[in-house]
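Here's the structure we're looking at; comments come further down.
The values are calculated or read from the model by the stated rules, or taken from the named source; none is laboratory data. Model, not experiment: these values are computed from the prediction. All Cβ positions, even for glycine, are placed from backbone atoms using ideal geometry, and neighbour counts span all protein chains on display.
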Amino acid sequence: MDNILYREIKIEELNIKLFSKFDRHQDVKKCWRKIDGEWVLKDIAFVEVWDEEEYEYLVKCLINTIKTGGSVYGAFKNDYLIGFASLENEKFGTENQYLQLSSIHTSFESRGYGVGKKLFNIMIDEARKRNAKKMYISAHSSEESQAFYKKIDCKEAAEYNKKLVELEPCDCQLEYELF
């Protein structure tokens, strides 16, 4: 995909209008679940489409990320947002080794062109600048989402963040080693 601009998103840009052409659509057929200590791919089908209320909540979260010292980056094509990722600034884990990749999404029509991978690499650089040893991802459990993370060498987290597990009990808890 040509002519994509990757850049940091400033707090004053974060509003519902920024997401006016962003299509968070996912037709899920299968999801991963941990059953008796083993990962199993289950037939769990649903369609996920964000509505205005979810985008408004997202905007509040991303503003909070920036206000607390984190980073939000976007991928833009023809001045429209086609992907974004956010990294929190609060370290956690038994050795304060983790920083959370709190979001990474590519608009439906732009998937499969490397936008997510490029945003992930930008977040790696941001996490390294903050001297984290690992990036932590509480990731959607869909077969497609997990295939993306596996392809970029994410592994099951050595330590689970209990707060994130409670917020999204069906998510897969992953990590990416930075060094």
Given the condition in contact (Cβ under 8 Å) with a residue 12 or more places away in the chain, charged (D, E, K, R), surrounded by 17 or more Cβ atoms within 10 Å (Cβ to Cβ) and more than 21 Å from Trp32 (Cβ to Cβ), answer yes or no: does some residue in the stretch 98-114 qualify? no
Restricting attention to the stretch 1-51, which residues are touching a residue at least 40 places away in the same chain (Cβ under 8 Å), surrounded by 11 or more Cβ atoms within 10 Å (Cβ to Cβ), not β-branched (Val, Ile, Thr) and not in a strand (DSSP E or B)? Met1, Leu14, Asn15, Leu18, Phe19, Lys21, Phe22, Asp23, Arg24
Looking at (1) touching an Asp or Glu at 6+ places or on another chain (Cβ under 7 Å); (2) of a type outside the set (A, V, I, L, M); (3) touching a residue at least 40 places away in the same chain (Cβ under 8 Å), can you tell me which one Lys155 breaks? (3)
Only one of these is in contact with a strand residue (DSSP E or B) (Cβ under 6 Å, 6 or more places away or on another chain) and under 22 Å from Lys30 (Cβ atoms): Ala139, Ala127, Ala132. Name it. Ala139
Going by what's in this entry, would Tyr176 be described as over 22 Å from Leu62 (Cα atoms) and either modelled with pLDDT of 95 or more or outside any loop (DSSP other than H, G, I, E, B) (or both)? no
Taking the stretch 118-149 and keeping residues on the phi < 0 side of the Ramachandran plot and part of a loop (DSSP other than H, G, I, E, B) leaves Arg130, Ala132, Lys133, His140, Ser141
So, of the residues in the stretch 70-90 that are more than 17 Å from the chain's Cα centre (by Cα) and either part of a loop (DSSP other than H, G, I, E, B) or of a type in the set (Ser, Thr, Tyr) (or both), which turns out to be surrounded by the most Cβ atoms within 10 Å (Cβ to Cβ)? Tyr80
So the check is Cβ under 8 Å with 6+ separation or different chains; which pairs have a first residue in the stretch 124-140 that's without any contact (Cβ under 8 Å) to a residue 24 or more places away in the chain and a second one that's outside any strand (DSSP E or B) and of a type in the set (Gly, Ala, Ser)? none
Pull up the stretch 91-112, narrow it to residues that are assigned to a helix (DSSP H, G or I) and not polar (S, T, N, Q), then point me to the one that is farthest from the chain's Cα centre (by Cα). Glu109
